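Working notes, beginning with the structure itself.
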Amino acid sequence: MADSSVADVDAQALLDEANSTAGEQGEPKFTLELNQDQKDIREWVHGFAENVVRPAAEEWDEREETPWPVIEEAAKIGLYSFEAVGQFWADETGLTLPIANEELFWGDAGIGMAIMGTTLAVAAIFGQGTPEQMGEWIPQCYGTPDDVKLGAFCASEPDAGSDVSGIRTTAKYDEAKDEWVLNGQKAWATNGGIANVHVIIASVDRELGSRGHAAFVIPPGTKGCEQGAKVKKHGLRASHTADVHLDDCRVPGSCLLGGKEKLDERLARVREGKKAKSQAAMQTFEASRPTVGAQALGIARAAYEYALDYAKEREQFGRKIVENQSIAFDLANMKLEIDAARLLVWRAAWMGRNGHKFENAEGSMSKLKAGEVAVWVTERAIQILGGNGYTREFPVERMHRDSKIYTIFEGTSEIQQLVIARAISGFHIK
Ligand SMILES: Cc1cc2nc3c(=O)[nH]c(=O)nc-3n(C[C@H](O)[C@H](O)[C@H](O)COP(=O)(O)OP(=O)(O)OC[C@H]3O[C@@H](n4cnc5c(N)ncnc54)[C@H](O)[C@@H]3O)c2cc1C
């Protein structure tokens with residue numbers, strides 16, 4: 001029989017050598033240990049979530065209004081800024097962005113979305129705009145700490161949610177004036193109507209479906225871009241959601257993200273029957289899915305931690321309720337599911353940041369799993385808190401309401417399954 005201690009030592013030596021050689025060759029070592037920068041950012045965002053966001057959560061949920069003072073606080077410490085998002089994004093492991101989102105949404109999801117909602121518009125400008133457009137519009141999405149502003153990304157319409165190819169908002173080019181004229185109605189837009197900068201997905205050629213879409217920036221105060229009805233919601237109530245109406249809304253030619261030449265080239269390729277490289281709305285969603293998954297994780301973790309503490313305190317039948325297997329096993333499974341979802345989120349974030357194609361729809365997997373876990377974990381948390389869990393005196397009720405949107409927006413759970421099923425099978429599953 002082999003001497004297992006010698007075998008262990010040899011295996012360890014081999015591992016050490018492999019890791020050090022990998023390092024020398026510039027290959028990243030595989031590790032799940034966070035580096036100091038990641039830990040510092042996690043602590044920084046956690047501190048803000050714990051000290052500023054959590055204490056304000058109940059109030060803004062009840063008020064159902066945008067928590068401007070909290071956004072201003074976030075801007076003052078630099079958390080609500082492009083510099084912060086840029087710094088999170090710059091981490092080449094891809095993990096800082098999900099880590100920061102998880103911590104913020106652990107504080108509260110409604111306020112978290114009020115702070116992070118702008119990033120969807122920023123991601124569209126960053127992903128599709130020219131360097132000049134990024135320089136002009138991204139700072140205007142944030143404003144300054146003394147005068148904070150918001151951004152809104154408007155793709156969905158009353159008859160085009162999951163099916164973005166159904167978008168009816170049109171953008172027509174007025175060559176004489178070098179202006180685009182937009183007409184249509186956007187639905188459920190986060191920050192819709194109260195944003196300084198709106199990014200609108202519109203159809204420039206309806207016959208081409210989603211391949212005929214383009215993204216436009218609507219500059220602040222543009223005539224013809226108005227807020228419609230504000231939506232009253234089940235959860236995420238500190239985040240503003242509204243319809244946006246576009247009535248002969250004229251914007252300069254330079255507001256087409258990426259520019260006209262690029263659009264004309266892309267449309268020509270599509271009309272010739274060639275594959276288009278990207279679809280305006282889809283490109284934004286692909287990149288943001290792991291981040292959205294991380295937000296759901298933050299909610300799930302908050303509910304799990306609350307339920308665990310409660311179960312260790314609450315006594316019935318002369319013992320702590322955690323001493324009952326049914327409660328303890330639920331908590332064990334809650335922790336298990338959260339950690340499993342986080343691994344999927346981190347994998348997708350790492351793949352996205354390092355240019356690995358989502359061959360098996362790993363971005364969708366991460367968002368699907370994290371969203372479903374958040375709904376399940378928060379529901380279990382209510383159960384563990386019993387009657388208290390069902391009341392607004394305890395936060396898990398709000399967390400459950402907040403979690404539900406994560407199986408709906410940025411692609412419903414069914415649509416994520418569709419994307420995964422198509423990716424793994426190669427069949428056009430319907
Ligand atoms: C709080 C909130 C914030 C939002 N923020 C934004 C935003 O900032 N910007 C924006 O553009 N949009 C936003 N949305 C819109 C959101 O992205 C859509 O609601 C979502 O994409 C689903 O579309 P829908 O509501 O039209 O549902 P539908 O597409 O009508 O779907 C209804 C049901 O049918 C299922 N279904 C549909 N098609 C299929 C299929 N092919 N196979 C199986 N099942 C299917 C769906 O999964 C779902 O269960 C927001 C929505 C909410 C509620």
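The values are calculated or read from the model by the stated rules, or taken from the named source; none is laboratory data. Because the structure is a prediction, the values reported are computed rather than measured. Don't worry about glycine lacking a Cβ; one is built from the backbone with ideal geometry, like all the others, and counts go over all protein chains shown. Note: accessible area is taken over every heavy atom of the protein model, side chains too, but ligands, DNA and RNA are not part of it. Shrake-Rupley method; radii C 1.70, N 1.55, O 1.52, S 1.80 Å.
Numerical summary
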| item | result |
| --- | --- |
| Close pairs (7 angstrom Cβ cut-off, 6 or more residues apart or separate chains): free of Cβ contacts under 8 Å to residues at least 60 places away in the same chain in the range 403-414, within 8 Å of the ligand (Cβ to nearest atom) and in a helix (DSSP H, G or I) anywhere | T407/S413 |
| Residue count for the range 32-50, restricted to those that are open to solvent by 80 Å² or more (accessible area, probe 1.4 Å) and either within 21 Å of D146 (Cα to Cα) or over 18 Å from the mean Cα position of the chain (by Cα) (or both) | 7 |
| Every pair of residues 6+ apart whose Cβ atoms lie under 7 Å, when the first sits in the range 234-245 and is under 15 Å from M399 (Cβ atoms) while the second is part of a loop (DSSP other than H, G, I, E, B) and within 10 Å of the ligand (Cβ to nearest atom) | S239/G117 |
| Members of the range 158-176 found to be out of contact with any strand residue (DSSP E or B) (no Cβ under 7 Å at 6 or more places or on another chain) and either open to solvent by less than 70 Å² (accessible area, probe 1.4 Å) or in contact (Cβ under 8 Å) with a residue 24 or more places away in the chain (or both), listed by number | A160, G161, S162, V164, S165 |
| Selection status of G209, part of a helix (DSSP H, G or I), within 15 Å of the ligand (Cβ to nearest atom) and surrounded by fewer than 20 Cβ atoms within 10 Å (Cβ to Cβ) | yes |
| Answer residue from the range 372-430, given it is among the polar types (S, T, N, Q) and over 23 Å from the mean Cα position of the chain (by Cα) and is farthest from the ligand (Cβ to nearest atom) among those | N388 |
| Given (1) on the phi < 0 side of the Ramachandran plot; (2) open to solvent by 10 Å² or more (accessible area, probe 1.4 Å); (3) within 12 Å of the ligand (Cβ to nearest atom), index of the condition M365 fails | (3) |
| Any hit, the range 250-260, residues being open to solvent by 10 Å² or more (accessible area, probe 1.4 Å) and of a type in the set (A, V, I, L, M, F, W, C) | yes |
| Any chance L15 is over 18 Å from I115 (Cα atoms), modelled with pLDDT under 55 and of a type in the set (A, V, I, L, M) | yes |
| Answer from A114, A123, A109, A155 - the residue that is modelled with pLDDT under 95 and either under 24 Å from A49 (Cα atoms) or surrounded by 24 or more Cβ atoms within 10 Å (Cβ to Cβ) (or both) | A123 |
| Count of the range 215-236 residues which are open to solvent by 30 Å² or more (accessible area, probe 1.4 Å), within 15 Å of the ligand (Cβ to nearest atom) and in a loop (DSSP other than H, G, I, E, B) | 4 |
| Test for V53: is it open to solvent by less than 30 Å² (accessible area, probe 1.4 Å), farther than 21 Å from Y306 by Cβ and not small (G, A, S) | no |
| Filter pass, G192 being more than 8 Å from the ligand (Cβ to nearest atom) and of a type in the set (G, A, S) | no |
| Check on V217, β-branched (V, I, T) and over 23 Å from V292 (Cβ atoms) | no |
